[in-house]
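What follows is a single structure, written as structure tokens, with notes after it.
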Amino acid sequence: MTDVDARPAAAVSVTAVVGRRPNAFKRLYLWVLHWADTPYGTPALAAISFAESSFFPIPPDVLQIALSVGKPKRSFYYAGVSATASVLGGILGWTIGTFLWHAVEDLVFSIPGFTREAFTHVRGLYLSGAFLAIVTAAFTPIPFKVFTIASGVFGVPLGTLVVASAIGRSGRFFLVAAAIYVFGPTIRSFLDRYLEWITIGLFALLVAGFYAVRYLL
């Protein structure tokens, strides 16, 4: 059985999403989404999750959600694929930052979401605490690729990146899987609209709980 077998109801109309003339970014979004309607949905999810951690602008959540809506019982499997490939992609980002930064710097800053201002801000976050900064970026909508490449540029140990990425990425992708597994396809439109705010809110609660335990007990 392929990833497309159970997905007719989850198919997305191109015109409904972007109208008649989608711009380049929306065309790329739809290209990512179309893999859910092919037998290659799982390999595509792995490839996109890997690439998004270092250079690709579209997050893998959109494809993970589409695949999981078609097969809710495989939601956690898709989350595992996303998380594993994303962490491996983060290692590529670290490698680029460590060994190739001066050769690809101008090219990297042309990636959507990868600005010099964001890069400078990440440097300040790493000085305060790289581990928490990477977990935060991995779990929330902050462009993860900025943090993986910056970790190599600013000398963050690879082990720190891998562990922090595994925690943050797994938390994000398995949150999506749990929601679809519990609530089924009806949760899709809610996740499409509010996933980023949900991850920010949950992470804020997590941090608040950590400080409450640390300073009140």
Restricting attention to the range 122-136, does a residue exist that is at pLDDT below 90, within 20 Å of S82 (Cβ to Cβ) and surrounded by 13 or more Cβ atoms within 10 Å (Cβ to Cβ)? yes
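Please pick out the residue among V182, V162 that is exposed (fewer than 13 other Cβ atoms within 10 Å of the Cβ) and at pLDDT 70 or above.
None of the others qualify; the one that does is V182.
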Scan the range 108-146 residue by residue and report those that are closer than 22 Å to P60 by Cβ, without any contact (Cβ under 8 Å) to a residue 60 or more places away in the chain and in a helix (DSSP H, G or I). V108, A118, V122, A133, I134, V135, A137, A138, V146
The condition of being more than 30 Å from S189 (Cβ to Cβ) and either of a type in the set (V, I, T) or not in a helix (DSSP H, G or I) (or both) holds, among T95, T84, only for T95
Considering (1) in contact with a Lys or Arg (Cβ under 9 Å, 6 or more places away or on another chain); (2) modelled with pLDDT of 95 or more, say which one L67 fails and leave the rest. (2)
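So is P39 assigned to a loop (DSSP other than H, G, I, E, B), modelled with pLDDT of 90 or more and closer than 16 Å to R74 by Cβ or not?
Yes; evaluated as a whole, the condition is true for this residue.
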Under 9 Å between Cβ atoms, at least 6 apart or on separate chains: pull out the pairs that start in the range 162-191 with a residue that is over 12 Å from S82 (Cβ atoms) and end on any residue that is part of a helix (DSSP H, G or I) and of a type in the set (D, E, K, R). I180/R188; Y181/K73; L191/D61
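The values are calculated or read from the model by the stated rules, or taken from the named source; none is laboratory data. Keep in mind the model is a prediction, meaning the values are calculated, not measured. Don't worry about glycine lacking a Cβ; one is built from the backbone with ideal geometry, like all the others, and counts go over all protein chains shown.
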